[in-house]
Every structure is written in C-alpha cells, then in structure tokens.
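Visitor: Sharing a structure here in structure tokens format.
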Amino acid sequence: MSKTQKSKAKPAAKASPKAGKTASKAAPAGKKPAPAAAKKTAPGKKAAPAKKPAAAKKASTPKKNAAVKKPAPARPPAKKPAPVNKPAARKPAAVKKAPASKPASPAVTKKPAATPKPVKAAAVPAAPVVQVSEPPPPRTVSKTIKSSALYYDSHMHTPLCKHAWGEPEEYAAQGIKAGLKGIIFTCHCPMPDGYWPSVRMADSEFDLYVQLVARAASAFEGRLDVCLGLESEFYPGCEPWIEKLHQRADFDFILGGLHWQAKEYLSKYEQGTIENFRRTYFEHLAQSAESGLYDCLAHPDLVKNYHPDSWCFAIIKNTVAGALDRIAKTGVSMEINTSGLNKSYSEMNPGNEMLRMMAERGIPVVLGSDAHRANRVGEHFITALNNLADAGYEEVGYFQKRQRVSLKISEVISSIRRAADANL
C-alpha cells in the first residue's frame, strides 16, 4: 500500500496546476526531497492513512536501499492501475482481444438467427468445414457427454423445402430438450423435370443443404450428433436420377418418400375408384423397397389421408399384407411417423393394426417426427415406442453411415426420460 501511495503521490505533484513551479523544482531536486513532498501531500489529502505509521516506516526503509535498484517492481504496479485512467488509448488491443476470444459461443446464436437467404452468404465460407468435418467424431463426443441419451430422431426438414420453418440449429437445440442423442435431417430431395418443385429444394440448393447441416453439426459438436440424411422421392421412372443423387454426399440415412399428393402422381395414377388408387400406392411402396435405393420407407400408410373420411383398413388389408410380404424380403426398414397425429386422418403412420402386421414379418422400424418446425423434434416418441412394444416389437433402430443400429425399446424409453429430465 505504501509503494502505490508513493507512486500516486509523485504523479499528483506533477499534475497539480497550482504548484507548477514547485513540481518542477521537486523533480530535479533528486530522490530525497521527493519523499518529503509525499509526506506533506499524503496527510493533506488522506488523513485516514496517517493511522498506519507502520506501513509508512516500512516503506521508508526500502526507499533508501531500493530506491534506485527497485524502480522496476514499483513501476509494474503503477502501470496496472494507470491503464484505467491514462493509458486507455494504449490498450485498445486488449479490449479487442477479449471479445475476439469469446465470440465462439455467440457465433452459434448469431448464425441460426440468420434467415435462409443470408445463410447462403454465410454458408459459402462454411464449405471447407463441410469437407473437413467427419460425422463419426461428433458421435463419439456425444457418447461421452450425453451418456444417458441413446436414440435419434431420423426425420426432419429445413426451410429449403419451402414448407418448413426454423434454422437447423433450432431443431438441434430441441433435440437436446427432447432427450435425444442425435438428429438426422432428411429434407425433400431435388427432382428432375420440375417434379413437384413447390415442396422441395432446387437442385442448385443441394450443396447449400449439405452446408447447413454441417454448420449445425459443428455448432452442436459434443452436445448432439447432427447427421445428414435425405427424404428421397420415389416416383416410377426417376430411379436413375435418385441413384446418382445419393452419390453426391456422404449420407447417414436415406429415407424413401412416396407422396400421393404430388400433382404429377395424381394426374398419372388417380384413375378408377378411391380404393384402386390406394392399392396403386401400396404397390409403389413395395417397389420402392425393392429398388434398393432406400434404407427406410417414410410414413408407409400416408395414403389414408387421401379422402380420409372413407379410409377403412379392413378393405385394403389384403393389399397391405401383400406389399409388406415383399418389403420384408428386402430387409428395408419402415418408419413410424409421429406427425400422422397432426394430419387430417389423426393417427400415426402406420396405424397400430398395420404396425402389428409389420412386427409379424420382422420388418425393422425407425422413429421419425417429420418435424417441419423445431418444437416438434422428438414429438410423441414415448407414445410411438409404447405402440411398438404393444405391436410385438422389442427393438427399434436408427442409421449411421447407412448402417442400422438396433436398441432395446425399454432402454430407449428410459434414456429419453432421463435425458429429458436432466435438461429441464
């Protein structure tokens, strides 16, 4: 305390406007009159420090012995308080360095805040990250950090499909809240000849899609495994295009999507009765499995939303059974799509009766929320898992590098509950 008071006393004498001449005289007078000036000024301004003579006496001894030898140690403490008042201009770099080291975490929040259009500009510099990043390391880190989480949501979208909302990072954040180990983006693939363009990414946006997923994977590394997948359309005659498309990126999961709603599909196959149209749909569902292009078939009884008021599973059951027999031979998985509860025919896809028929044939199952909004990631998963168990299933799966991973349903339910509770 005494050393700092002396260092302060000296600049105070120099800076005082009233004693300009005395300050100049005191400076050249040498090192002996300086302590005398300090003694006069100290009691004038600070009467309280007079109570501590011990500190003053101890300080007087080092003055004579180390006044010349220890100016350096006395200056460093003076330099530390000084930058607060005087060298404010000297340490702009220090101020810049502090924010430079801490933007890593805000960067995660700034990027997702961007709208899809500005993201394109941000995604361009992120391209090298896409090339360098490898999905396996994030999964390994996720296992160590979120040991209680086991399962993945294997179906969700991005704004590139033109009917989904929210950045990939928002979906990832919800995945953690839902008690998941990872999520797989499966946005609607580009198609040739302008096939149903209003609900899918353009072919020119394919690379951007890969970059968006890689960006989210980097932002959530170590917390959630964010994987690249694709909801790849099945339309008879487009198989060559789809096969080449699947070679354009390193996918974890390819989900086959058969959509009766497409205008092209309706115009070509909506002929005859409603039931005939539904039978055509299940025929194509079996063909999609037999094509060998897909790991799993999405929302397999989606066609029940075609004139939902007239849907009667008993009428179509034999057709479904024939299709399931063919699918079972291929080894392709089928999806329980929980978003069916939000559709016109409010029931998961597939319904419980069809699910039992799938269990009888040993067809593997994967869960997907088909989230088009972030808050629906992992939605109704516990209900879906209970439906699986009731239908006779003991295991449920997901895909990594297009290889199926199977887990016990009971373990998945427990892990989701534990992980979700831990994130409350």
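The values are calculated or read from the model by the stated rules, or taken from the named source; none is laboratory data. Not measured: the values here are computed from a predicted model. We place every Cβ from the backbone using ideal geometry, glycine too, and count neighbours over all the protein chains shown.
Visitor: Exactly one of these conditions fails for S288: (1) assigned to a helix (DSSP H, G or I); (2) farther than 20 Å from H246 by Cβ. Give me its number.
Guide: Condition not satisfied by S288: (2).
Visitor: Looking only at the range 381-420, count how many residues are in contact (Cβ under 8 Å) with a residue 40 or more places away in the chain and either part of a helix (DSSP H, G or I) or crowded, with 21+ Cβ neighbours inside 10 Å (or both).
Guide: Count: 16.
Visitor: Testing G229 on (1) over 22 Å from E169 (Cα atoms); (2) of a type outside the set (D, E, K, R); (3) outside any helix (DSSP H, G or I), one condition comes back false. Which one is that?
Guide: So the condition that G229 fails would be (1).
Visitor: Could you look through the range 258-278, keep only residues that are part of a helix (DSSP H, G or I) and without any contact (Cβ under 8 Å) to a residue 24 or more places away in the chain, and pick out the one that is surrounded by the most Cβ atoms within 10 Å (Cβ to Cβ)?
Guide: Ranking the candidates gives Y269 first.
Visitor: On to the next question. In this structure, is A391 within 18 Å of D301 (Cα to Cα) and among the hydrophobic types (A, V, I, L, M, F, W, C)?
Guide: So A391 fits the description; yes.
Visitor: For the range 207-220, what are the residues that are within 17 Å of G257 (Cβ to Cβ) and out of contact with any Leu (no Cβ under 8 Å at 6 or more places or on another chain)?
Guide: Answer for the range 207-220, where residues must be within 17 Å of G257 (Cβ to Cβ) and out of contact with any Leu (no Cβ under 8 Å at 6 or more places or on another chain): there is none.
Visitor: Can you name the residue in the range 358-376 that is surrounded by 21 or more Cβ atoms within 10 Å (Cβ to Cβ) and over 27 Å from the mean Cα position of the chain (by Cα) and, of all such residues, is nearest to S232 (Cα to Cα)?
Guide: Top of the filtered list is I363.
Visitor: Tell me, which residue of the range 183-220 that is of a type in the set (D, E) and at pLDDT 95 or above is surrounded by the most Cβ atoms within 10 Å (Cβ to Cβ)?
Guide: Only one residue fits best here, namely E205.
Visitor: Based on this model, can you work out whether E170 counts as among the charged types (D, E, K, R) and not in a loop (DSSP other than H, G, I, E, B)?
Guide: So E170 passes the test.
Visitor: Taking the range 291-318 on its own, how many of its residues are at negative phi and either part of a loop (DSSP other than H, G, I, E, B) or outside the structural domain of F277 (by TED's automatic domain parsing) (or both)?
Guide: Residues that pass the stated criteria total 10.
Visitor: Further question: Return yes or no: is G378 touching a residue at least 40 places away in the same chain (Cβ under 8 Å), under 14 Å from G182 (Cβ atoms) and touching a Lys or Arg at 6+ places or on another chain (Cβ under 7 Å)?
Guide: no
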